[in-house]
Amino acid sequence: MKKIMSLKEEFKIKDQILKHRLETLLKSLMDETGIDMWIVIGDEYNEGPCLKTLLPSTFFNARKQSIIIFYNTGDTVEKMIVSKPDFTIAEFYEPVLLKPPHFDFEVFYSTFATQYDLETIRALPVEDTYECLNRIIKERNPKNIAINYSELSPFSDGMSHTNYQHLKNNLDQSFHSKLISSEQLTLRWLETRTDLEMTYMKKVVDKTREIIHKGYSRNIITPGKTTIGDLRFYLMETAMSIGMVPWFDATIWIRRIGHPHLEKDAEIILEGDLLHCDFGVKYLGLCSDVQEMAYIKSINDDALIHDYETVHSSCQRLQDLVIKNFKEGLTGNEILQNALDEAKDIPGAMVYTHPIGFYGHGPGPTIGQFSNQTFVSGMGEYPLHNNTCYALELCVRQYVKTLDMTILYGQEIDILFKNNHVVFFSGRQEKLHII
């Protein structure tokens, strides 16, 4: 498979996505959550899950310490970064640390930032990072100052203890009472997808399924020779060769007569095997997560294929029942319970659907867990919001007469929830793959 696009094109799109989110999404989320000022602090290689999504493509990591400030003026959101001018970051955030200590500003501005008025810079006082932060807060006098700490979700808990202590110790005492958790704003920022992102997410899921379908063929699988390890590394290496990055170790499982679950890499794939693939990638900052099933054709197996297709139909019906119960405002636990109540006639129905987006297992309502089909505390009580995406992950555990054993039959496909309606980004596995 050929590379999807050049690195230059990839960076351009990632930056377009970030700019679009900052311009079209941020203010509405700050309004929704009642946040006046949001300060996001992280360090190089220890950015926290939120700061990573705020950095442009040229920032593979934070530059030393990064402090980004958002202030809701009522009409717009000011976007600032506590740093000296940088031609890459200035496209996204206004640098506000113009004259830090131990900094030869005459050489810097005359060489790298000539658009700045050097006379104005000379007249500014020297200020360190926290003096700058105090000045910005004092000038704007926000009602509240949200920072990234949370007991509910690690996605909202990205500020390190050290940075929290430094902030408290260096922030003017009069601002301390304004500090609040950015928990809801951070979760809403991370889980919400824009129309532009949805366009590219479809492409990511399309390509993920295309790789799986190429792997599920006799061009790649030679029964009696190809191993589980061969196939799963084919999936990951193919993705990496076209610019995608697997966000978890691809999985291949075998269900075989007398063996309901085989997963060691050395296991050789045979005719008559049922294959279960779990594979997901990250590209353009967006994740996919897909599970599909395939059967390796043998002889005199029409009855077995019929039984497998019956189980597949049960799994597909369970998908329909879950998405039928996606309603804005319902919690993950309510969606889980409603779907399972309607699926009581489906043997072994299990639901463990999770949010997906910037992260494969992302923030948002948890809709069941493989080991918990009753009540998930914490994010299970989080409500379903508009413009969010999910890996519709579930399975049935059913008896297959021709095998004389019970098997787990899984499916996972990425979906978008928009305007109380579920959309499959790239369709779904309508029928069992026959190889």
For peptides 224-230, 413-419, sequence by mean Cβ density within 10 Å, most packed first
413-419, 224-230
Through the Karplus equation 6.51 cos²θ - 1.76 cosθ + 1.60, θ set to phi - 60°, convert the phi angles of region 136-144 into ³J(HN,Hα) values in whole Hz; use x for Gly and Pro.
4, 5, 4, 5, 9, 6, x, 6, 9
If packing is taken as the average count of other Cβ atoms within 10 Å, what order do 45-57, 349-361, 248-260 fall into, highest mean first?
349-361, 45-57, 248-260
Förster-model FRET efficiency, 35 Å R0, A123 and L7, C-beta, rounded to 0.05:
0.25
What distance in nm separates the two pseudo spin-label positions at A303 and I242, each 7 Å out from Cα along the beta-carbon direction?
4.0 nm
Please list the non-local residues whose amide H lies under 5 Å from the amide H of T192, H modeled 1.01 Å from N, same-chain partners needing a gap of 5 or more.
none
Work out the charge dipole of region 1-97 with +1 on the Cβ of Lys and Arg and -1 on the Cβ of Asp and Glu about the Cα centre, then indicate which of G48, M5, T88 is farthest towards its positive end.
M5
Among trypsin sites (Lys or Arg not before Pro) in region 101-201, those in a DSSP loop whose Cβ has at most 14 other Cβ atoms within 10 Å are K143
Given charges at beta-carbon only (K, R positive; D, E negative), |dipole| of the chain in Debye:
540 debye
Pop a pseudo-label 7 angstrom from the Cα along the beta-carbon direction at both L22 and N169 and give the gap in nm to one decimal.
3.1 nm
Centroid-to-centroid separation of region 118-168 and region 302-338 [C-alpha atoms, Å]
47 Å
Place the peptides 330-339, 298-307, 273-282 in order of packing, highest mean first, counting for every residue the other Cβ atoms within 10 Å and averaging per peptide.
273-282, 330-339, 298-307
Give, in nm to one decimal, the length gained when the segment between N219 and V423 is fully stretched (0.36 nm per residue of separation minus the Cα-Cα distance).
70.3 nm
Distant-in-sequence amide H partners of Q398 (H built 1.01 Å from N, under 5 Å):
I407, Y409
For Cα Rg over 2.2 N^0.38 Å, the choices are [x] 0.99; [y] 0.94; [z] 1.15; which was calculated from the structure?
[z]
Given pairs K27/K143; K52/K207; K19/K203; K2/K203; K19/K52 and cut-off 18 Å on Cα-Cα distance, the over-length ones are K52/K207; K19/K203
Please identify, among F103, F326, F155, the residue showing maximal mean-square fluctuation in a Gaussian network model of the chain using a 10 angstrom Cα cutoff.
F103
When the Cα centres of region 1-60 and region 397-419 are compared, how far apart do they sit, in Å?
35 Å
So which GluC sites (Glu not before Pro) in region 349-435 end up in coil per DSSP with only 14 or fewer other C-beta atoms within 10 Å?
E430
Connecting every pair of Cα atoms under 10 Å apart in the chain and solving the GNM, the largest mean-square fluctuation among E271, E106, E127 falls on E106
Can you give the extra length, in nm with one decimal, that the chain gains between E151 and D206 once fully stretched, where that is 0.36 nm per residue apart less the Cα-Cα distance?
16.2 nm
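Each value in this text was obtained by applying a stated rule to the coordinates, not by laboratory testing. Keep in mind the model is a prediction, meaning the values are calculated, not measured. Cβ: placed from backbone, ideal geometry, glycine included. Neighbour counts: every protein chain shown.
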